[in-house]
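Asks: My structure is below; once you've seen it, I'll send some questions.
A short reminder: the numbers here are calculations on the coordinates, not readings from a lab. Not measured: the values here are computed from a predicted model. Glycine gets a Cβ as well: all are built from the backbone with ideal geometry, and neighbour counts include every protein chain shown.
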There are 2 protein chains.
Amino acid sequence: MRTERFLRCRTTTLDDRERQRLEAAISEVRTIGKRRTVIRHGAPLDISLYLVRGYMCRTIDNNQGDRQLVSIQVPGDFVDLHGYPLRVLDHDVSTLTEAEIAVVPHANLDTLVAEEPALARKLWFSTLLDAAIHRQWILKMEELTAARRVAHVFAELWHRLDMVGLGRRDGLRTPLIQADLADMCGTTSIHMNRALGQLRKEGIAEFRRGAVYVRDRSRLEAFAGFNPDYLYGRGDLGVGTELAAPAPAR
Amino acid sequence: MRTERFLRCRTTTLDDRERQRLEAAISEVRTIGKRRTVIRHGAPLDISLYLVRGYMCRTIDNNQGDRQLVSIQVPGDFVDLHGYPLRVLDHDVSTLTEAEIAVVPHANLDTLVAEEPALARKLWFSTLLDAAIHRQWILKMEELTAARRVAHVFAELWHRLDMVGLGRRDGLRTPLIQADLADMCGTTSIHMNRALGQLRKEGIAEFRRGAVYVRDRSRLEAFAGFNPDYLYGRGDLGVGTELAAPAPAR
DNA sequence: CGTTGAATTGACACCGTTCAACGACAGTGG
DNA sequence: CCACTGTCGTTGAACGGTGTCAATTCAACG
């Protein structure tokens, strides 16, 4: 089943019937080559894309003419479901690797949403997961140095791959090159190279042509200050796991 | 009407009947003092809050124990509608000023979503607007220097206030102190002070105790590289307004 | 075996942090 | 009225993280 990874291991998941209805909303499945732009910002949309296999990303052009990576998508992500309520996207959607993509016409989503409000709420949930990830990125971009930022990217990606059943024991594989990591972390590829060198030297993670080898996962996560709560995995969102009650607003 | 500003001047707006249905879903309106935390991350929710008057923000605690501001909300924002599909938030929601807040029980939203799929899609739209703003913040945080970042914050806020009919000619008023701006821009309040000094010296904007005076708005926006498309105001999203076609993915 | 994209290294300037101190201003109470 | 107090804003100097430019090495592939 093509959508088997959708919302897998999340606080909100689909039941069998809902999954079948979603599956039935797919009009076709396409295979796209690597590094191709599939959706362009500003173009009116009448379909949304679900990522079955491979990696994709969202990019935004900045004023200097180069692209920033504002999110990465893994199998099981309903990549541009955002395009359904928004009708037009603010960003571009591209493949990183060759990818298998399920096409869901908005007309089918109209039916689904009208007939299955509970499923609609779950689809909505999946898009807000992206928003939560965005928020965490804003936070980490502000808070951390480049080495810690890229460590956080690794930790997040690893965790997300685990959730959809694609995780590995000793690290993770990514389709990302150092320039991509730089784009994600808001730094230059040159400095990213040095940041990765630091991770290697400190024995936290070793990046070699897309493969990330990690000996001690908890050390990586601690280094990055990674807390998976914002990914809405099974289990509650940190309730009871905190040391102290939050302080007043300011 | 309390929700008159909701989705005002956006590409997607409510019609009269939808607005009345939304209005009817409000169970009560509360007034909250300034700088109070209203929703805490990790707490199960059965209501969502709509901001009628005043300013609010979303914050996330980082590992060093201080809070980062990941978004600011103005009147007309359905602040934590995210809590409806998510059921639990990844962040805290606080007031900046005294605020008037409409409470919408999730039970009422259930009814609304089931009976009015088109309205549901519009509510969904409003939450994805937040996601689009988050993406732009990620981009700008990475791309710009501190002075340009805060100029972008001003430009965005001004534009959003314009959309809900609260804009001014000569600049804007905010409840933000320099430390807040620093939290938003991922810098220290000391450096923020210098960044504001630079804006003042260059005649771009003058910040005095929450008031931002701007002589030449287009200069402010150019300095920040501000492009309002991502706010989904009336008019299309930059189609035909660009100088060149986007380049291939990489 | 040459080409190409990717990774790596060095030198230098700049942006931003940190610590420390001081100034401006409003509110409060004597 | 003034002194006190706390918050917010401002400034200086030293330090470190990051950007920039230029050059070089490495790996993959036709």
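Asks: Defining a contact as two alpha carbons under 8 Å apart and six or more residues distant in sequence, what relative contact order in percent does the stretch B:16-120 show? Mind dumping the intermediate values first?
Replies: Numbers: 222 pairs, mean separation 43.7, N = 105.
Reported relative contact order: 42 percent.
Asks: P(r) for the stretch A:16-137: what percent of alpha-carbon pairs falls in each 5 Å bin, starting at zero?
Replies: 2, 11, 21, 25, 21, 12, 5, 2, 1, 0
Asks: How big, on average over all directions, is the shadow cast by the Cα convex hull of the stretch B:42-84, in nm²? Kindly include the intermediate steps, with their values, before the conclusion.
Replies: Values: hull surface 14.0 nm².
With the hull built on Cα positions only, its mean projection is 3.5 nm².
Asks: Taking the Kirkwood radius as the inverse of the mean 1/r across Cα pairs, report the Rg/Rh of the stretch A:146-231. Could the numbers behind the result be given before it?
Replies: Numbers: Rg = 11.7 Å, Rh = 12.7 Å.
So for the stretch A:146-231, dividing Rg by the Kirkwood Rh gives 0.93.
Asks: In degrees, nearest 10, range 0 to 90: what is the angle between the Cα axis of helix A:117-143 and the longest Cα principal axis of chain A?
Replies: That helix lies at roughly 20 degrees to the long axis.
Asks: Right, another one. From the phi angles alone, apply the Karplus equation (6.51, -1.76, 1.60; θ = phi - 60°) to the stretch A:155-168 and give each ³J(HN,Hα) in whole Hz, x where the residue is Gly or Pro.
Replies: Using θ = phi - 60°, the values come out as 4, 5, 4, 4, 4, 5, 5, 4, 4, 9, x, 10, x, 10 Hz.
Asks: Would you kindly work out, in nm and rounded to one decimal, the distances from the label point of B:ASP170 to those of the same position in each other copy, ordered shortest first, with label points 7 Å along Cα-to-Cβ?
Replies: 6.8
Asks: Now for a separate question. Any idea what the relative contact order of chain B is, in percent, if you count C-alpha pairs under 8 Å spaced at least 6 apart?
Replies: 21
Asks: How far is B:ALA222 from itself in the other copies, in nm, if each label sits 7 Å out from Cα along the Cα-Cβ line, shortest first?
Replies: In ascending order, 5.2 nm.
Asks: Still on this structure: Can you list, shortest first in nanometers, how far A:ARG40 lies from the same residue in the other copies, with each label 7 Å from Cα toward Cβ?
Replies: Result, one decimal in nm: 5.0.
Asks: Normalised by the residues of the stretch A:146-231, what does the relative contact order come to in percent, with Cα pairs under 8 Å and at least six apart?
Replies: Working: 104 pairs, mean separation 33.0, N = 86.
Over the stretch A:146-231, the number comes to 38 percent.
Asks: Let me ask another. May I ask you to list the trypsin sites (Lys or Arg not before Pro) in the stretch B:127-223 that are in a DSSP loop and have at most 15 other Cβ atoms within 10 Å of their Cβ? Write out the running numbers ahead of the final one.
Replies: Details: sites: B:ARG135, B:LYS140, B:ARG148, B:ARG149, B:ARG160, B:ARG168, B:ARG169, B:ARG173, B:ARG194, B:ARG200, B:LYS201, B:ARG208, B:ARG209, B:ARG215, B:ARG217, B:ARG219; in loops: B:ARG168, B:ARG169, B:ARG209, B:ARG215.
Loop-located and lightly packed - B:ARG168, B:ARG169, B:ARG209, B:ARG215.
Asks: To the nearest 10 degrees, how steep is helix A:106-115 against the longest Cα principal axis of chain A, on a 0 to 90 scale?
Replies: Roughly 80 degrees between the two axes.
Asks: I need the calculated FRET efficiency for the pair A:GLN64 and B:ASN63, taking r as the beta carbon distance and R₀ as 30 Å, to the nearest 0.05. Numbers along the way, then the final one.
Replies: Details: r = 32 Å, r/R0 = 1.05.
Taking R0 as 30 Å, the efficiency between A:GLN64 and B:ASN63 is 0.40.
Asks: In Å and whole numbers, how far do the C-alpha atoms of the protein assembly as shown stretch along each principal axis, longest first?
Replies: Per principal axis, max minus min of the Cα coordinates gives 54, 53, 53 Å.
Asks: Moving on to the next point. List the residues whose amide H sits under 5 Å from the amide H of B:TYR55, counting only those 5 or more places along or on another chain, with H placed 1.01 Å from N in the peptide plane.
Replies: Under 5 Å from the amide H of B:TYR55: B:LEU96, B:THR97.
Asks: Separation of the stretch A:160-223 and the stretch A:67-82 by C-alpha centroid, Å?
Replies: Comparing the Cα centres of the stretch A:160-223 and the stretch A:67-82, I get a distance of 19 Å.
Asks: State the number of lysine pairs found in the protein assembly as shown whose Cα atoms come within less than 28 Å, restricting to pairs 8 or more positions apart or on distinct chains.
Replies: Total qualifying Lys-Lys pairs in the protein assembly as shown comes to 8.
Asks: Turning to a different aspect of this structure: So how long is each side of the stretch A:104-154 along the principal axes, counting just the alpha-carbon atoms, biggest first, in Å?
Replies: Taking max minus min along each principal axis of the Cα atoms, the stretch A:104-154 gives 47, 18, 14 Å.
Asks: Return the inverse of the average 1/r over all pairs of distinct C-alpha atoms in chain A, which is the Kirkwood hydrodynamic radius, in Å to one decimal.
Replies: On the way: mean 1/r = 0.0524 Å⁻¹.
Every distinct Cα pair counted, the radius reaches 19.1 Å.
Asks: Still on this structure, I have one more. Give me the angle, in degrees from 0 to 90, between the Cα long axis of helix B:189-201 and the longest principal axis of the Cα atoms of chain B, rounded to the nearest 10.
Replies: Value to nearest ten degrees: 60.
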